[in-house]
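*Asks:* To start, I am sharing the structure in question, which I have written as structure tokens.
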Amino acid sequence: MKPQPQQPKMVRMYSAASQQPMDYALKETSPFLGGGQIVGGRVIGGEKHASTYDLVERMQYLFVRVVKARDLPNMDITGSLDPFVEVRVGNYRGITKHFEKQRNPEWNAVFAFSRERMQASVIEVLVKDKDLVRDDFVGMVRFDLNDVPVRVPPDSPLAPEWYRLVHKDGDKSRGELMLAVWIGTQADEAFPDAWHSDAATLEDPSAVTHMKSKVYHAPRLWYLRVNIIEAQDILIHDKTRYPDVFVRAQVGHQHGRTKPVQARNFNPFWNEDLMFVAAEPFEDHLILCLDGGYHVLDESTNYSSDLRPTAKQLWKPSIGLLELGVLGAQGIVPMKTRDGKGSSDTYCVAKYGSKWVRTRTIMNNPNPKFNEQYTWEVYDPATVLTIGAFDNGQLGDRNGEKPSSGKDAKIGKVRIRLSTLETGRVYTHSYPLLVLHPSGVKKMGELHLAIRFSSTSLVNMLYLYSRPLLPKMHYARPIPVLQVDMLRHQAVQIVAARLSRMEPPLRMEVVEYMSDFDSHLWSMRRSKANFFRLMNVFSGLFAISKWFSGVCAWKNPITTVLVHILFIMLVCFPELILPTVFLYMFLIGIWNYRYRPRYPPHMNTKISHAEAVHPDELDEEFDTFPTSRSQEVVRMRYDRLRSVAGRIQTVVGDIATQGERVQALLSWRDPRATAIFVLFCFIAAIVLYVTPLQVLAALGGFYAMRHPRFRHRLPSTPVNFFRRLPARTDSML
């Protein structure tokens, strides 16, 4: 008997300071997946040889493959036949396309019916003749559901068989139909391209293509650096003045220009770089107009899911495997109205690196079950997996009418940083889908996921913590900070345009939402959130200052006396200062191991400052850019304020990120990084105990003042280690 999954249980939040309403909290679950029941991140009672779909629940489907027919009779008066096949299972029916005047048609169509919703014991496969008024019955084949064989991959596909078509009057001379009928799971290779019973309410067959699960690969992106050096022998029509000459460059829809230079000698000199983003295959032209390659991130560094160079020659072997099981969703809020009732046609999109995946669409179900599993190769643990839920706006209603907007509405998304995951553990949690609306933050439902990060080599993974995040050229010829944001927007637009050309298209609003396209715009709420993050980072220093003030004020005489004794010891033995500090951090790190987080971080309304935000601030955040204000002067000042404030907001957020990385050293948010640092503290404490302080001070001074010849352009190992530490940007809305 199949064990029943346990009810989801609440888990402890990361810290007391970050607690939020229970309805917005993360829930740990113990589902019964393909490999057994998941309890505490481990598989209990799993099969000895689990399949590759061991992170999702195995769902049984009835598959019917309609291959072809032969020797069909003529039905119309003219002697022609327009055949099509209708598969009936209870109240569900699937229909193939029809062929005009064809007695030996070939369909090769697959239908999948969910066993959970199946209430029939007989399968009927009917061949009909397409007619304008009423379709004529040609013949049928019936199967008893109890006689259908079960197929489990990697078994070979079931061979189709010829069946005689039987008329209602018992006539068996109606031709033959080649079929294959079997029971399988979503691991069957026919599942992705099959017609699903979830699409049974669609009258428009073309809309079914928008419901299937697909895998997309984003194009490889390159930085195009154009160095404008000089121009020679330019012609000047007005001899009375020296014009300001500049160069305009265009690549596709991207534009750039140099600074204007006065052409005093008719040979203006710039020596200026213009940066563009180019995608393979290189279809756009570079256009330069004289008027009077690198690695590209498709997202900001905080949420980057691919730190590999674009050039394949620089690729390193993978360090692990990321497996994602999209189990389902619960309590999805109705996103539109169909037949006078609230409805949601939900699908999920996951993005990691250049690989985007899309689950099938479940129609009109607030609690859809997907149970689809996907895998990615991992090349760096300091990367982020993003999963979003959307409402399919391309299906329309029963009459085939699409909504007026025609856009896929966002339901919510989840970000998971791989470095916060323990290797080999299965994380099964229900994530709240939180979206900020003009009326405030709103929970749109919950997304149930199963995640596992497996490492092929722990040594290689630990070695990466000392390596630079980006390729060497990023440090040899760095790109200005203000230009990086512009290039990122160009990259997102290129990726969105390319993915929208695929079938079915991954729409632009989906790509932009998954890539945080508008995160650079000014928001009073985000600015406050970054400010309070910064204050939280310095709260430890404030607490130490307050504690020391209490020591000086003799509020606790015993504590003050102990501090005096410790101070005298350190003055008399200064070589004990650094060993004591490192030993103290080692002990704190070991002590915090008991309170380490047992789950990935998620969206936090308190950190995002989304709980008590003023309505006027939300109105400003959801205002269009440029603003929709009517006064021209107010518009200019308002846009300028938002642009400047957006830069300040980014700087404050970066400072908070650095401080949070310091906090992450001993918090076990990244278990491997904390283990490395704790071990380093222990070794450093021992070395510093046996090494004179004067020697270390001399070596440190000489190292800090070393000759530039002995300096390397790439960041040092401690800097690389620090930049890989996680921050709380993953919990920001």
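The values are calculated or read from the model by the stated rules, or taken from the named source; none is laboratory data. Note that the coordinates shown come from a computational prediction; the quantities given were computed from them, not determined experimentally. Neighbour counts are summed over all protein chains in view; Cβ atoms, including those assigned to glycine, are modelled from backbone coordinates with ideal geometry.
*Asks:* Yes or no: V133 among the aliphatic types (A, V, I, L, M) and outside any strand (DSSP E or B)?
*Replies:* The answer is yes for V133.
*Asks:* Pairs needed: first member in the range 226-240, within 22 Å of E272 (Cα to Cα); second member anywhere, at pLDDT below 75 and in a strand (DSSP E or B); C-beta distance under 8 Å; at least 6 residues apart or different chains.
*Replies:* Final answer for the pair search is A231/L290; I234/L290.
*Asks:* Let me ask something else about it. Looking at the range 359-366, can you tell me whether even one residue there is in a strand (DSSP E or B) and either among the polar types (S, T, N, Q) or closer than 23 Å to H602 by Cα (or both)?
*Replies:* no
*Asks:* Given the structure, is V148 farther than 28 Å from F370 by Cα, out of contact with any Gly (no Cβ under 7 Å at 6 or more places or on another chain) and not aromatic (F, W, Y)?
*Replies:* No; evaluated as a whole, the condition is false for this residue.
*Asks:* Moving on to the next point. Considering only residues that are loosely packed, with under 12 Cβ neighbours inside 10 Å and within 36 Å of the chain's Cα centre (by Cα), look in the range 136-154 and name the one that is farthest from D82 (Cα to Cα). Spell out the reasoning first.
*Replies:* Residues of the range 136-154 loosely packed, with under 12 Cβ neighbours inside 10 Å: 144, 146-147, 149-150, 154.
Pick out the ones that are also within 36 Å of the chain's Cα centre (by Cα) and you get 150, 154.
Numbers: V150: 33, P154: 37 Å.
By that ranking, first place goes to P154.
*Asks:* Tally up the residues in the range 240-250 that are crowded, with 16+ Cβ neighbours inside 10 Å and either in contact with a Lys or Arg (Cβ under 8 Å, 6 or more places away or on another chain) or not assigned by TED's automatic domain parsing to the domain that holds V226 (or both), please.
*Replies:* Of the residues in the range 240-250, 3 are crowded, with 16+ Cβ neighbours inside 10 Å and either in contact with a Lys or Arg (Cβ under 8 Å, 6 or more places away or on another chain) or not assigned by TED's automatic domain parsing to the domain that holds V226 (or both).
*Asks:* With the checklist (1) in contact with a strand residue (DSSP E or B) (Cβ under 6 Å, 6 or more places away or on another chain); (2) more than 22 Å from V56 (Cβ to Cβ); (3) not hydroxyl-bearing (S, T, Y) in hand, flag the one item W182 doesn't pass.
*Replies:* The failed condition is (2).
*Asks:* Anything in the range 251-278 that is crowded, with 16+ Cβ neighbours inside 10 Å and closer than 19 Å to I479 by Cα? List them, or say none.
*Replies:* V251, Q254, G256, T258, W270, E272, L274, M275, F276, V277, A278
*Asks:* How do the pairs read when you match residues in the range 562-580 that are over 17 Å from L688 (Cα atoms) with residues anywhere that are among the β-branched types (V, I, T) and loosely packed, with under 12 Cβ neighbours inside 10 Å, using Cβ under 8 Å and keeping only pairs 6 or more apart or on different chains?
*Replies:* none
*Asks:* Output yes when any residue across the range 638-660 is surrounded by fewer than 17 Cβ atoms within 10 Å (Cβ to Cβ), at pLDDT below 90 and in contact with a Lys or Arg (Cβ under 7 Å, 6 or more places away or on another chain), and no when none is.
*Replies:* no
*Asks:* Just for the range 72-104: of the residues that are closer than 27 Å to D147 by Cα and not in a strand (DSSP E or B), which one is nearest to the chain's Cα centre (by Cα)?
*Replies:* Here the residue is T96.
*Asks:* Identify the residue in the range 451-488 that is among the small types (G, A, S) and closer than 19 Å to T383 by Cβ and, among all such residues, is surrounded by the fewest Cβ atoms within 10 Å (Cβ to Cβ).
*Replies:* Looking at residues that are among the small types (G, A, S) and closer than 19 Å to T383 by Cβ, I get S457.
*Asks:* For residues that are at pLDDT 80 or above and within 24 Å of K472 (Cβ to Cβ), tally how many sit in the range 713-733.
*Replies:* The qualifying residues number 12.
*Asks:* Name the residue that is farthest from L177 (Cα to Cα), counting only residues in the range 40-74 that are modelled with pLDDT of 90 or more and among the charged types (D, E, K, R).
*Replies:* That would be R65.
*Asks:* Within the range 566-594, track down each residue that is closer than 15 Å to A675 by Cβ and of a type in the set (F, W, Y).
*Replies:* Residues satisfying the conditions are F586, W591, Y593.
*Asks:* Now a separate question. Conditions first: (1) crowded, with 20+ Cβ neighbours inside 10 Å; (2) more than 28 Å from the chain's Cα centre (by Cα); (3) outside any helix (DSSP H, G or I). H609 passes all but one, so which condition is the exception?
*Replies:* The one condition H609 does not meet is (2).
*Asks:* Please go through the range 247-273 and give me each residue that is assigned to a strand (DSSP E or B) and closer than 28 Å to H217 by Cα, ordered by number. Walk me through it before giving the result.
*Replies:* Just the residues of the range 247-273 that are assigned to a strand (DSSP E or B), to begin with: 247-251, 254-257, 261-262, 269-273.
Matches in the range 247-273: Q250, V251, Q254, H255.
*Asks:* What single numbered condition from (1) surrounded by 13 or more Cβ atoms within 10 Å (Cβ to Cβ); (2) part of a helix (DSSP H, G or I) fails to hold for P597?
*Replies:* (2)
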